[in-house]
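The values are calculated or read from the model by the stated rules, or taken from the named source; none is laboratory data. Keep in mind that this is a model prediction, so the values were computed, not measured. Reconstructed Cβ throughout: ideal geometry from the backbone, glycine too, with neighbour counts over all protein chains shown. Each accessible area value is taken on the protein alone, full model and side chains, heavy atoms only, with ligands, DNA and RNA left out. Shrake-Rupley method; radii C 1.70, N 1.55, O 1.52, S 1.80 Å.
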Amino acid sequence: MKTDPTVRYATLNGVADAAGFRRALLKGELGSGVLENGAWLGDTFGKLAKVGNIGTLARDIVEERLMEALPETLIFDDLERTAMTPELVFGLINDFVEHEGKRVILLVNSEKHPWKDKFLEKKEKLIGRTLRVEADMDAALPAFIKLMDEGRGKQYLKDHPDLIREVFEQAGHNNLRLLRNALREYALVLDRIEDALFEAQEPMARFTRTYLALAMALGKGEIAEEDLGRRADWKVFSPSEGEPHTFKTIMDRHQGADIMAGSGGTLSVALGQTLLGRGFVNEALLNLELRATGAFRKQEDNPLWLRMVKWREQPTEQLKDDIEAAKSYLFEKADIGTGPFLHIADNLMQIHVAAGQEDLATDLSEKCVARIHALGEKDYIPKARFGMEFGWSGELRRFSFGGYASEPSPHFMPLIVAMREQQLSRYERELQEEAEDLTLKIEEDFEHAGWKFVRNMAGPSFYDSPVLHLCDPKRIAIVVFDAISAGKQDEIGGFVTRLGERHSADNTWDDERKWAMSLRAELENLARSAGFVEQAQLAAFLEFYWKLTPPDTD
């Protein structure tokens, strides 16, 4: 982040005492070579004087020197977020004004201060001039972006001011600080995203909306970090009893964002927890999980399905052209996306109904169902990944794709049913091939393949779907036995444990449990053929790691 050498900025967010106050002012300086050398000299002097390590003392000395070299203008931000009392924080700040002649600027949301009355009382006595700042998005955004380091993130945000403005206005809090913090962190995420993913313009815009909306909601305190794990729970958004979670409010105001992490979303639950909750950005993992969503298909920023969703806002002549393009997409295009197909059909039927053409909507519904079956017979309909992920969401009588949801009408519901059936049918037809591919992956790298059996960043996996009963137990047994023989008990043990942890009272999966008994028998045969030492090692291994239960047991 570029800084002005004549000004020092410090956030007091979370600062609890005078030492923390000083460190906040010196942030950026504390990792400098000066301090490192000072600490090293302190250690050296301590050893020479035989009085122990005085690195901490040296650090204090260096900090004092750095404090003396502070610029003339000091800016203190987030005063309402400090853990210090107003007396302490104003006392520390006042020293710079009275004793050092510094120019001090305070940035604070007075209404949000935990000691509001006492803070305002102190402020009136000490602050020379107070300016009330209103959010000026047009002036602030270029300034925020200018301070960012050069990179993909800065360029993307610079190229999409209207997108950022829309998200900010939808948030409704009018707090530019929340936006600034969200943009600063998001730029670092964007810097680590692969070029190919940026070609999917609409999904990238949706990812941006989602990240910024959630980041600002977190910063404002509307949601907590632990809430991020509930974004895939429809009951949170549409509870049968009681008031809906704040997520419902956020979803309603942020159209076009994947606030609810359903199938086809751009930001999965776990990736959201990683990026927003822990602030961790691993480049390889980030790109792996973005690709795994299946959402980042190359497309323009305003595709046909999105224009159809927004048909009420379209210029009349543009809408007429889009209606013709929609008919062509539904009945002539073979390479369809399931979510786009359903959105286009739904909104085309909505247009007919709004125009009083109920009979045309009924006819279109029947033709679309027939088209879905015809495409399915030719394997043009994508399969449901892991038997659960369709590329769109349809839970509790709601349809959702691309950040836009609707309550299916009687005309639309048959399409949802038909699409689900075709996607599941293809999954079932290709499951044996998938099991063979899975077996090969286990043979090549069982540790990496094991992640297909846990709840992972990409969302659904074989954690929720039976598949092992179609794998060759002899081949899997050889992998397990060879790993034990090679001294990799912990690694292969973790893999075997993951297979068993999927089984529960809700997932009886008797076919898989019968397969597990075959796998165990194959392992015991291999050990008997090898010798008594191998039998002993296998027995110890099974006792510790084996979680696969036999049929008809809990």
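See the values below:
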quantity	calculated
Listed peptides 220-226, 479-485, 194-200 by packing density, highest first (mean Cβ within 10 Å)	479-485, 194-200, 220-226
Rounded percent of accessible protein surface that carbon and sulfur make up, the stretch 186-286, 1.4 Å probe	45
Whole-number accessible area per residue in Å² for the stretch 495-554, which is evaluated in the context of all protein chains at 1.4 Å	56
Loop-located trypsin sites (Lys or Arg not before Pro) in the stretch 155-195 whose Cβ has at most 11 other Cβ within 10 Å (DSSP)	none
Rounded to whole Hz, the Karplus (6.51, -1.76, 1.60) HN-Hα couplings of the stretch 294-309, x for glycine and proline	x, 8, 8, 8, 4, 6, 6, 7, 10, x, 4, 4, 6, 5, 5, 4
Relative contact order of the stretch 324-448, defined on C-alpha pairs under 8 angstrom at six or more residues apart (%)	26
Fully extended contour minus Cα-Cα distance, from ALA355 to GLN432, at 0.36 nm per residue	22.9 nm
GLU366-ALA284 pseudo-label distance in nm [points 7 Å out on the Cα-to-Cβ vector]	5.7
Net length gained if the chain between MET67 and LYS298 were fully extended (0.36 nm per residue, minus Cα distance)	78.0 nm
Column: log10 I(q)/I(0), Debye, Cα scatterers of the stretch 157-297, q = 0.19, 0.20 Å⁻¹	-1.16, -1.30
Estimated dipole of the stretch 391-485 in Debye, rounded to 20 [Cβ of Lys and Arg +1, of Asp and Glu -1, Cα centre]	460
Solvent-accessible area per residue, Å², over the stretch 365-490 with all protein chains present [probe radius 1.4 Å]	48
GLU332/LEU147 FRET efficiency (R0 60 Å; Cβ-Cβ; nearest 0.05)	0.75
Accessible-area composition of the stretch 407-465, carbon plus sulfur, in percent [1.4 Å probe]	52
Estimated inter-spin distance, TYR380 and ARG312, nm [label 7 Å along Cα→Cβ]	3.2
Whole-percent carbon and sulfur share, accessible surface of the stretch 485-554, 1.4 Å	48
Over the stretch 418-483, volume per residue of the alpha carbon convex hull, in Å³	87
Accessible area (Å², per residue) of the stretch 172-248, counting only protein heavy atoms and a probe of 1.4 Å	41
Sites MET137 and PHE532, calculated FRET efficiency, Cβ-Cβ separation with R0 56 Å, nearest 0.05	0.15
Length released on extending from LYS235 to LEU88, taking residue separation times 0.36 nm less the Cα-Cα span	48.4 nm
Spin-label model distance (nm) - GLU169 vs LYS27, 7 Å beyond Cα toward Cβ	3.2
